[in-house]
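Report on the structure given below.
The values are calculated or read from the model by the stated rules, or taken from the named source; none is laboratory data. Everything numeric here is computed off the predicted structure, so don't read it as measured data. Cβ placement follows ideal geometry from the backbone for every residue including glycine, while neighbour counts extend to all protein chains displayed. Surface accessibility is based on the protein's heavy atoms, side chains included, excluding ligands, DNA and RNA. Shrake-Rupley method; radii C 1.70, N 1.55, O 1.52, S 1.80 Å.
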Amino acid sequence: MEPFILIAIGILLASAVILARQRFAAFQGQSPDDYYGIGPEFDLTRYLNGPIVCDGVIFGPTGRVTSRFTIDMMGTWSGNSGTLKETFRYDDGTRQDRDWHLVVDDRGRITARADDVIGTGMGQQCGPTVQLKYDIRLPETSGGHVLSVVDWMYLIEGGTMINRSQFRKYGIQVAELVAIMRAKETP
């Protein structure tokens, strides 16, 4: 019986270390406050305004690229309320449209709605970052699953934005998105 108890204790300790790492040291352990006062201020009403182009990849659960995409975006704002229209074009030829309806309050808190978002996404802009958390329903062609999303955007000097998002089902990471966004140059 003693070896069983030692194995059980070992499994519990390993699980505790893994959970602590994920909560405090990994991607999910980030907080908007970690970036307060560092670098340029990320203001959604400024940087997600007008035509924007985005290029990115989606990694599957094994860490391999499963899809590449380009998004044409158009942000329009009236005060602190805005709409971000997105047209995705994936490498397999499929197209997807999404309209985000965003509101930023005076303290940088964000509410976000879209047709495929369950309820209201909540976020915060702080320093050179924006964090947004929401649940999204995938299209039926992708299984129709509901995934929990943690979405971070990082503002780089010059106005380029790097977007990193992780998608989880039952707490297990099933996909990750990495993309670069920048204002679209007009001819």
Hey, could you check region 52-76 for residues that are touching a strand residue (DSSP E or B) at 6+ places or on another chain (Cβ under 6 Å) and in a loop (DSSP other than H, G, I, E, B) and say which is farthest from LYS184 (Cα to Cα)? PRO61
Residue set GLU140, GLU86; condition open to solvent by less than 50 Å² (accessible area, probe 1.4 Å) and not β-branched (Val, Ile, Thr); output residue GLU86
Only one of these conditions is not met by SER78: (1) out of contact with any His (no Cβ under 9 Å at 6 or more places or on another chain); (2) modelled with pLDDT of 95 or more; (3) open to solvent by less than 20 Å² (accessible area, probe 1.4 Å). Which number is it? (3)
Can you report the number of residues in region 154-175 which are surrounded by 17 or more Cβ atoms within 10 Å (Cβ to Cβ) and under 23 Å from ARG95 (Cβ atoms)? 5
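With surrounded by 14 or more Cβ atoms within 10 Å (Cβ to Cβ), touching a Cys at 6+ places or on another chain (Cβ under 8 Å) and at pLDDT 95 or above as the only criterion, which of THR111, THR70 stands out?
Result: THR70 is the single residue among THR111, THR70 that is surrounded by 14 or more Cβ atoms within 10 Å (Cβ to Cβ), touching a Cys at 6+ places or on another chain (Cβ under 8 Å) and at pLDDT 95 or above.
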How many residues of region 148-183 are part of a strand (DSSP E or B) and of a type in the set (Gly, Ala, Ser)? The answer is 5
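Could you identify the single residue in PHE4, PHE42 that is under 30 Å from THR186 (Cβ atoms), out of contact with any helix residue (DSSP H, G or I) (no Cβ under 6 Å at 6 or more places or on another chain) and either at pLDDT below 70 or of a type outside the set (Lys, Arg) (or both)?
PHE42
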Among the candidates GLU41, GLU86, residue that is of a type in the set (D, E, K, R) and under 18 Å from ASP106 (Cα atoms): GLU41
Can we say GLY29 is at pLDDT below 75, touching a Lys or Arg at 6+ places or on another chain (Cβ under 6 Å) and not polar (S, T, N, Q)? yes
Within region 115-147, residues being of a type in the set (Ser, Thr, Tyr) and either over 20 Å from PHE88 (Cα atoms) or in a loop (DSSP other than H, G, I, E, B) (or both) number 2
